[in-house]
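Shown next, in structure tokens, is the structure this report addresses.
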Amino acid sequence: MTTSLLCDGKDGTVLTIHLQPKSSRTAWVGKRGDALKVRVAAAPVDGEANDALIAFLAGEFDVAARAISIESGFTGRRKRLLIRGVSARQLEARLSRYGWW
């Protein structure tokens, strides 16, 4: 299943995220429209929230942080990230453990 929030790209899988910085903890929240919502404890200062998001996703999907890059939305809440080395199907399998996927 390929959706607008998760699709196979030429170099990896593109994931659409809605980021909420300055939360009490870093965690998945669920879906928000055509994006997955993630809360991070870091503030949106000097790229800290983006770094926290990448570290969180790397841990969740068992990839190196360097395999994840922000393709668009670096300064906004809505981001499109490229995750190299995994397919959309593999990410869907990881996300399936959450009831909202």
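General remarks:
- Residues (more than 12 Å from the chain's Cα centre (by Cα) and in a strand (DSSP E or B)) located in the range 28-48: 32
- Index of the failed condition, residue 51 passing every other in (1) open to solvent by 70 Å² or more (accessible area, probe 1.4 Å); (2) closer than 17 Å to residue 22 by Cβ; (3) outside any helix (DSSP H, G or I): (3)
- Here 25, 94 are screened, and the one residue that is part of a loop (DSSP other than H, G, I, E, B), open to solvent by 70 Å² or more (accessible area, probe 1.4 Å) and touching a residue at least 12 places away in the same chain (Cβ under 8 Å) is 25.
- Residue list for the range 56-91, restricted to those being under 18 Å from residue 39 (Cα atoms), of a type in the set (A, V, I, L, M, F, W, C) and surrounded by 14 or more Cβ atoms within 10 Å (Cβ to Cβ): 56, 57, 58, 61, 68, 70, 81
- Against the conditions (1) modelled with pLDDT under 95; (2) part of a strand (DSSP E or B); (3) among the small types (Gly, Ala, Ser), residue 85 satisfies every one except (2).
- Among the residues listed as 31, 10, the single one being in contact with a Lys or Arg (Cβ under 8 Å, 6 or more places away or on another chain), at pLDDT below 95 and surrounded by fewer than 19 Cβ atoms within 10 Å (Cβ to Cβ): 31
- Subset tally (residues that are touching a residue at least 24 places away in the same chain (Cβ under 8 Å) and open to solvent by less than 10 Å² (accessible area, probe 1.4 Å)) for the range 34-48: 2
The values are calculated or read from the model by the stated rules, or taken from the named source; none is laboratory data. Keep in mind the model is a prediction, meaning the values are calculated, not measured. Note: ideal-geometry Cβ built from the backbone for every residue, glycine included; neighbour counts use all protein chains shown. Accessible surface areas use protein heavy atoms only, side chains included; no ligands, DNA or RNA. Shrake-Rupley method; radii C 1.70, N 1.55, O 1.52, S 1.80 Å.
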